[in-house]
Amino acid sequence: MKNIYTFALLLSALFGFAQPPANYYNNATGSGFALKTQLKTIITNGHIDQGYGSLWNAYGTIDRDSNIGYEDDNSIVDIYSEIPNGTDPYTFTFQTNQCGSYSNEGDCYNREHLVPQAYFENVQINPMKNDPFHVMPTDGKVNGVRDNFPFGVVNNASFTSANGSKKGSNLNSGYSAGYSSTVFEPIDEFKGDIARSLLYFATRYEDLMANFYTSASVQSKDMFDGSTNQVFSPTFLNILLTWNILDPISIKETQRNNAIYAYQGNRNPYIDNNDYITAIWGLPLGISTAEFNKSVSVFPNPSSNNKINIQSGMTIDEIDLFNLNGQLILHINKPVFNNATYTLDNLKQGFYLLKIASNKQFITKKVIVN
């Protein structure tokens, strides 16, 4: 996953990406849940509901495997079958493979509501039903298996899709502690995508969340707490916040955000500025050192241009650079990351140890500058 993201960052540096319009987030000046309400106003203004049927055509623009670091075969990107670092078990062609009926995995793709339609349909069906920020193209069979189950961390799988997405009992420990019933777990590559989609939903439809919860079917409401502020129950909020950190924003998400803005006139603020998530909901609990290590990438390594980039979805407190004799060469306190990346430059040739600290945890990585 991180190799793909590193490649994506290099591409973004070369070619650049569209940014939000000037002043788009000027009124996002608060903190906590007040900030969420400000973002809700911003992303509601300009949102033009294009209808449910239009999603099929929208997917042809916003969900194609084209220049995002995957196979680049122009197929529909299905989060339940895509294998980012290898060959997909099957592919879906735009328009040709839309569901109708299906019996097996790989038959066709349909429209997956990451927030189950059963959660909101008894209160208000539109525009939630039609919003591609949380309605993604996915394999019909796997979509059916996921059903209305919440997203979580599977302990014992009763079903595994061709790309490794799973359904089964939730791992009632670590960052997913507090729930033991059935959940659905996507592969690592798409956990952050799903987290940021659900947090978008909680923001865009903030004023309706309490009514949704009151009227929703039992299974579809397990992720939620009935509030308009926090929105998610503690276990599932922690899962989403953790996934947001462990799977940082990818080129796929950035391009998708821009394409949806062109399609319906609003954006996902948590893709444009991931710091909003921490400013509103805070940091997740229970991230292990191993998980912290997975969330940090250092590239290029070895480096031939006297600089290295540090990429992380977590808030980094300190960066220390040592030579192999243990001498401290550089210390940065509270480094300011730009698009989840911090650059160390003007480095001399040699071998270094890079110590990165966050929330009283630290990891050390070997770095070579040629």
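The values are calculated or read from the model by the stated rules, or taken from the named source; none is laboratory data. On a predicted model such as this, the values are computed, not experimentally measured, just so you know. Methodologically, a virtual Cβ is constructed for each residue, glycine included, from the backbone with ideal geometry; neighbour enumeration extends over all protein chains shown. Surface areas here come from the heavy atoms of the whole protein model, side chains and all, with no ligands, DNA or RNA. Shrake-Rupley method; radii C 1.70, N 1.55, O 1.52, S 1.80 Å.
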Looking across region 82-120 at residues that are touching a helix residue (DSSP H, G or I) at 6+ places or on another chain (Cβ under 7 Å) and of a type in the set (Ser, Thr, Tyr), the single one that is surrounded by the fewest Cβ atoms within 10 Å (Cβ to Cβ) is Tyr102
Mind checking whether some residue in region 20-39 is surrounded by 14 or more Cβ atoms within 10 Å (Cβ to Cβ), within 26 Å of Asn338 (Cβ to Cβ), at pLDDT below 95 and touching a Pro at 6+ places or on another chain (Cβ under 9 Å)?
yes
Residue pairs qualifying under the 8 Å Cβ cut-off, at least six apart or on distinct chains, with the first in region 347-370 being closer than 11 Å to Asp317 by Cβ and modelled with pLDDT under 85 and the second being of a type in the set (Phe, Trp, Tyr) and not in a strand (DSSP E or B), are Ser358/Phe292; Gln361/Phe292
Note: among Asp193, Asp107, just one is charged (D, E, K, R), modelled with pLDDT of 95 or more and in contact with a Pro (Cβ under 9 Å, 6 or more places away or on another chain), namely Asp193
All-but-one check, Phe184 against (1) within 26 Å of Gly313 (Cα to Cα); (2) modelled with pLDDT under 95, failing number (2)
Report task. Restrict the check to region 227-248 and report whether at least one residue is modelled with pLDDT of 95 or more, small (Gly, Ala, Ser), touching a strand residue (DSSP E or B) at 6+ places or on another chain (Cβ under 8 Å) and within 25 Å of Ser54 (Cα to Cα). Result -> no
Filtering strands (runs of 3 or more DSSP E) wholly in region 305-370 for at least 2 residues that are open to solvent by less than 50 Å² (accessible area, probe 1.4 Å) and under 21 Å from Asn244 (Cβ atoms) gives 308-312, 341-344, 350-358, 361-369
Ile83 passes all but one of the listed conditions (1) modelled with pLDDT of 95 or more; (2) closer than 23 Å to Gly164 by Cβ; the exception is number (1)
Filter region 253-284 for residues that are farther than 15 Å from Thr315 by Cα, open to solvent by 30 Å² or more (accessible area, probe 1.4 Å) and not polar (S, T, N, Q); the one that is nearest to the chain's Cα centre (by Cα) is Asp272
Filtering region 163-185 for residues that are farther than 11 Å from Ile239 by Cα, touching a Ser or Thr at 6+ places or on another chain (Cβ under 9 Å), small (Gly, Ala, Ser) and open to solvent by less than 50 Å² (accessible area, probe 1.4 Å) leaves a count of 3
**Message:** Take the conditions open to solvent by 40 Å² or more (accessible area, probe 1.4 Å) and among the acidic types (Asp, Glu) and apply them to Asp188. Does it pass?
**Reply:** yes
Over region 201-233, the set of residues assigned to a helix (DSSP H, G or I), open to solvent by 20 Å² or more (accessible area, probe 1.4 Å), touching a residue at least 24 places away in the same chain (Cβ under 8 Å) and of a type in the set (Gly, Ala, Ser) is Ser215
